[in-house]
C-alpha cells in the first residue's frame, strides 16, 4: 500500500476563487446583485433575494460528521490529505429544500452567494465586475440543463450485468438464505467516499479547498432529493473526497483521455482499491467524472451514470456518474445511482434477485417520471417514488447491510490538530491511532 501523508489543521481555510464554467452549458445567463434581506438569530434562517422571482428562505445545513478529509497527491505522487472538522467545512453552507437550493453565503468583501438556487439555476460571484450603485457584489446567474440518461436499452442491460457480477463476485448460496433482521431505524447516514477523476480535479486546479467547497453544495442538493424518502430518512455524509490526477486513476478503465467505461471501471474499484483506508471504511464509494461515460458492452456514449443495485456495505458498493464541473448538472444522476446502491431498482422493474424477498418496483410506473425513471415531465423528477422508499427501507434492514444503520467513523476522532501543515503522519501511524480509539 502506498504511504499516505496527512496534512491536518484547524486553520485550513476554504479559500475559493471563481473559475468560469463551460459557457456552452448555459441556457441563459444574467448579472444579478443578491441581497441579504433578513437573519433570524433564534433559528439561524436567512432570507436572500437573488431576483424578484428567486427569493431563498435558507436554513443552516449540517452535512458532515465529525470530520471530512480530502485526499490528493503531491509532486512525488504520494498521497496527502487535508482533514478538518465537519462544522468548519460547512460553516457557511445553507439550503432551501422547497427550492432545491444549496449555497455558500460569505461576507468577505461584500455579500456573496455561490451554488445552486433552483433545479436549473446556478449562481457565482463576479468579484472583478463593477458593483451596483449601492455597492453590492455582481454575480452571474445562469441556467443549465441537468444531465440525464439517453440510452433506451441501458435499463435492461444494467440489470442483467448487475445480476451477473453480483452472483460471481459478491454473493454466496448462504447469503441468499438470509432474512431481514428486525432492526428499526428512523434515519440512516450513508457514509461516502467520493472519488473525483483527473479532469474534474484539474478544473479546480487540484485545490483541496475548492473541490471540498463544490462537493459540499453538490451533495447537499443530493440530500434534498432524498428528503422525499421518509422511512427511513436518508442523509448522505461525505467522509472522504479523493482528488485523483492522471497518474493515480488506477481503476479507471479509459478509452483515450475523454471517455471511461462504466462496468469495467466499477468492477476494478474493489479489486484495485481494497486495502486503501478511505475505500475500506465507508459504506459506499462513488466516482464523479468529468469524462463521457461509455458502455463496456458496445462503447455507446448515451450512458451518464452506473451503479450496482443493493450493494451498500458489500465489496461492489460502487457507482460512477458524470458531472460538468462548475455547473452542478449531475446532481440528479448522482442521487439516482446512489439510490441504486441503497437497494432501489428503476421504477417499474422487478425485485433484485440478489436480495431475498426484495420488494422491487412493479407498482410504480416508469412513466410517472420519478427519480428512478429517465422521464422528466414535472416535479416528480426531483423526488423518489414510494417504491424507492420501500426498497431502501427493506435493504437497509437486510443482513449484511448493517453499516447503513450505524455511523462507522464517528468514534474514531480522525481529526488531529497540527501547528504547521508540514507536520505529517504516515498511514501506518495514523491507523495505529485509529485502532486505539
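Assorted remarks:
- For the range 249-289, the Kirkwood hydrodynamic radius from C-alpha pairs, put into Stokes-Einstein at 10 °C and a viscosity of 1.306 mPa s, yields a diffusion coefficient of 146 µm² per second.
- Length, then width, then depth: along the principal axes, the Cα atoms of the range 275-324 run 33, 22, 16 Å.
- With neighbour counts taken as other beta-carbon atoms within 10 Å, the residues 358, 346 rank, fewest first, as 358, 346.
- Only alpha carbons enter this Debye calculation for the range 154-411, each as an equal point scatterer, and the log10 of I(q)/I(0) it gives at q = 0.10, 0.12 Å⁻¹ is -0.44, -0.65.
- Whole-Å distance, taken between Cα centres, linking the range 216-265 and the range 128-146: 29 Å
- Semi-axes of the equivalent ellipsoid of the range 199-288 are 24, 18, 13 Å, computed as sqrt(5λ) over the eigenvalues of the C-alpha gyration tensor in descending order.
- Antiparallel content of DSSP bridges confined to the range 154-411, in %, to 5: 20 percent
Read-outs throughout are calculated quantities, based only on the coordinates presented, and are distinct from any laboratory measurement. Treat the numbers as computed from the prediction; the structure is a model and nothing was measured. Quick reminder, even Gly has a Cβ in these numbers, built from the backbone with ideal geometry, and neighbours come from all protein chains shown.
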